[in-house]
Amino acid sequence: MTVTSPPHSRRRPRWNSAWLFMAPSLILIAVFILEPILQTGWMSLHEWTIGEDSHKWLGVGNYDRLFGDDRFWNALRVTAEYTVAVTVLQVGLAVSLAVRLRRTTWFTTFVRGAFFFPAVASLAVIGVVWHFLLDPQIGLVDAWLGALHLGSYDFLQSEALALPTLIAVGVWKYLGFSMIVLLAGLQEIPAHLYEAATLDGAGRLGRLRHVTLPGLRQTLLFVIVIATINGLQLFDVVYTMTGGGPVFHTESIVMYLYQQGFVYFDLGYASAIAWVLFVIILVVSAVQLRVLRVNDVD
Amino acid sequence: MSTEAATLPVLAQRIPTPVRHVLRIAQRLGAVLSWAALTVAALAMLVPFIWMLGVALRTPADLYAHPASLWPHQWSLAGVSAIARDLPFGRLLLNTFVFAGGTTLLLLWFDSMTAFALARLRFRGRSVVLFIIIGTLMVPFQVTIIPVFLTVFHLGWLDTYQGLIIPRATSALGIFLLRQFFLAIPTDLDDAARIDGANNWQVYRRIILPLSKPALASLFVIQFMALWNDFLWPLVITSQIEMRTLPAALTLFQSQGGVDHAALMAGAAISIAPLAIAFLLAQRFFIQGVASTGVKN
């Protein structure tokens, strides 16, 4: 019937207005995400200096330099150690907290709020506070350790302690975030599964292993992926707490990228670092999705 | 403790009554201890903030004399007035509000329109668009920051609000979350409105948006929080102190030599305060906002 109706009386085709609805987002995504990914790749093949019209083609020169650059490998190692430690500690602690704080009472509401509170504050500002909190002369941590006769440490100037300190601050900051997401996941596990497990003689541990963890798989996957991506982007606390020191012991990939791009203005080299970071994030996310899905029984 | 609990019901029938009582008391005690540990841990989480407030409001002499004390012996507003003198705080607060608020509002608008088209309208290439958007979920802006910085530079937008706001005014996560929410709204409502002559815009504006207030509120909270606290982006896009946001300005102040600790902590407290107060007043909204990002399907 519609075929025979004259074209001018037909309503305007729907796709037309759909593209109008999506235009602002799609233009922004194209200009500020898709094109820059390609441009980062293109720039990484040049010696790129800001304000110049022509840029010297280097081919894979920047990558050659990068893979022979000890400072890059160091940044990669620092970032990997930070990411693995923060993700494991944060997610592990968050699961045990979420299971304990499952029921809603005034007490659990307070504890949840307290654990979540650091997530509300800016990581950079928190870095400023912690930098000072850990000061070996007037910081609270040193004073309390001294009061307990545990010795005095210059946490941020120590090559051995600087990175573990950043890891602790990272866990402190993001723990509550993971906990809240996991609590939401817990609410979605049907209560009858627990009743059935209890009837079958499962104790607390059995219920955790056979009901809670399988039921949380999707949420856990999400929390782990987010924690990992966050970890790989480590920058704010490095900038405000250690500046990458002592002697590059806490210099992360993004910190090194920032240094090359916005301090030395070596944009081609910084682009090569960004491109490598991009590939790492894609590969790590893909592997996590694959590994955590493979175990899925359903 | 958990293994005890696991075996307790099975053993219970065979154990003499007095022993059972002891076991039950031990279990209760374990529960009390674990709650006590949780309370201590929860308070410990807050210590840095309490101490920050204390340092902001005490004299330097007091801090040096009693570094182990969490709370001031000698109160002073010198730090607050020093930071108010050294940093244009009114302006920084305004900048942070304009950046976080403006970006979030634009983002809610753009993302909800895109999500509406993806969830409700049929058009060729819909699955391709959805695929691209989900693909960009995994791309952090650190990866693209160099060309984006150059684009903003060539537009002459460095040190401007539009430079801070426009490149961040859409998010794949927002589109994705809103689309999931819109898909759950029954299409009967759209059909009824269309029979009454409503066009796409009216369906979006009058049906979908009003029914999506919870999802929009959640997205508002998580985006506003993320942008308020953002650091690398304003650090790169702005260089003049008058255009910086609070976190980026504070670190500028920190890097200057001879830091006044009370002033620095007062600045940190003022930077954290707006969101912290909002959180204390509306904890439920924050928790729901964050929780909604992880809900599956």
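Residues in the stretch B:190-212, backbone N under 17 Å from the label point at A:LEU20 (7 Å along the Cα-to-beta-carbon vector): list them, ranges by number please.
Hits in the stretch B:190-212 for A:LEU20 at 17 Å: B:194, B:197-207.
Let's test the formula: R0 of 35 Å, r as the Cβ-Cβ distance of B:LEU33 and B:LEU77. What FRET efficiency results, to the nearest 0.05?
0.25
Hey, got the dipole for the stretch A:44-136? About the Cα centre, +1 on K and R Cβ, -1 on D and E Cβ, debye to the nearest 20?
880
Of A:TYR153, A:GLY243, B:ALA273, whose Cα points farthest to the positive end of the dipole of the protein assembly as shown (charges on the beta-carbon: +1 Lys, Arg; -1 Asp, Glu; origin at the Cα centre)?
It is B:ALA273.
Taking the C-alpha atoms of the protein assembly as shown, how large are the radius of gyration and the largest Cα-Cα span, Dmax, in Å?
26.7, 92
Which Cα, out of B:LEU105, B:LEU93, B:ILE165, lies furthest along the positive dipole direction of the stretch B:81-294 (beta carbon charges, K/R +1, D/E -1)?
B:LEU105
Could you compute the FRET efficiency for B:LEU150 and A:HIS192, with r as their C-beta to C-beta distance and R0 at 51 Å, rounded to 0.05? Working shown, then result.
Working: r = 57 Å, r/R0 = 1.12.
Efficiency, from the Cβ-Cβ distance: 0.35.
Efficiency by 1/(1 + (r/R0)^6): what FRET value for B:ARG85 and B:GLU242, r their Cβ-Cβ distance, R0 = 22 Å, to the nearest 0.05? Could you put the intermediate results ahead of the total?
Numbers: r = 15 Å, r/R0 = 0.70.
With a Förster radius of 22 Å, E is 0.90.
Please name which of B:ALA248, A:VAL211, B:GLN223 has its Cα lying farthest along the dipole of the protein assembly as shown towards the positive end, using unit charges on Cβ (Lys, Arg +1; Asp, Glu -1) and the Cα centre as origin.
Value: A:VAL211.
Take each complete run of DSSP H in chain B, measure how far its Cα atoms stretch along the helix's own axis, and keep only those covering 24 Å or more with mean Kyte-Doolittle hydropathy at least 1.0; list them.
Flagged H segments are B:17-56, B:103-120, B:261-281.
Starting from the Cα of A:TYR153, step 7 Å along the direction of its Cβ; do the same at A:LEU93; then give the gap between the two resulting points in nm.
Those two pseudo-labels are separated by 1.4 nm.
Suppose each label sits 7 Å from its Cα in the direction of the beta carbon; what would the B:ILE195-A:ARG103 distance come out to in nanometres?
4.9
Within the stretch A:23-119, report the trypsin sites (Lys or Arg not before Pro) that DSSP leaves as loop and that have at most 16 other Cβ atoms within 10 Å. Kindly include the intermediate steps, with their values, before the conclusion.
Working: sites: A:LYS56, A:ARG65, A:ARG71, A:ARG77, A:ARG100, A:ARG102, A:ARG103, A:ARG112; in loops: A:ARG102, A:ARG103.
Sparse-neighbourhood loop trypsin sites (Lys or Arg not before Pro): A:ARG102, A:ARG103.
Would you mind giving the mean number of other chain beta-carbons within 10 Å of the Cβ of each residue in B:122-134, as a whole number?
Counting Cβ atoms of other protein chains within 10 Å of each residue's Cβ and averaging gives 3.
Within 10 Å of each Cβ in peptide B:40-53, how many partner chain Cβ atoms are there on average? Round it to a whole number, please.
On the way: counts 0, 6, 10, 3, 2, 11, 5, 4, 12, 6, 1, 6, 9, 0.
Taking all residues of B:40-53 together, the mean is 5.
Bin by bin, in steps of 10 Å, what percent of the Cα pairs in the stretch B:81-294 do you find, going until the bin that has the longest distance?
Percent of Cα pairs in each bin: 8, 28, 30, 21, 9, 3, 1, 0.
Could you quote the convex hull projected area for chain A, Cα atoms only and averaged over all directions, in nm²? Write out the running numbers ahead of the final one.
Details: hull surface 108.5 nm².
Averaged projected hull area, Cα only: 27.1 nm².
How high is the relative contact order of the stretch B:81-294, given as a whole-number percent (alpha carbon pairs under 8 Å, six or more residues apart)? Present the calculation step by step, with values, prior to reporting the outcome.
On the way: 180 pairs, mean separation 73.6, N = 214.
Averaging sequence separation for qualifying contacts and normalising by length gives 34 percent for the stretch B:81-294.
Please state the relative contact order of chain A as a whole percent: Cα pairs under 8 Å, 6+ residues apart? Walk me through the intermediate numbers first.
Values: 310 pairs, mean separation 85.6, N = 298.
29 percent.
Dipole magnitude of chain A about its Cα centre, charges +1 at Lys/Arg Cβ and -1 at Asp/Glu Cβ only, in debye to the nearest 20?
Value, rounded to 20: 1600 debye.
Based on the mean of other Cβ atoms within 10 Å per residue, sort peptides A:225-233, B:266-274, A:282-290 so the most packed one is first.
Values: A:225-233: 20.4, B:266-274: 23.6, A:282-290: 13.2.
Those peptides, ordered most packed to least, come out B:266-274, A:225-233, A:282-290.
Just the Cα atoms of the stretch A:62-173: what Rg and Dmax do they give in Å?
17.9, 59
Only the coordinates and a few stated rules stand behind these numbers; no lab work does. Being a predicted model, the structure only gives us computed values, none of them experimental. Neighbour counts run over all protein chains shown; Cβ positions are idealised from the backbone, glycine included.
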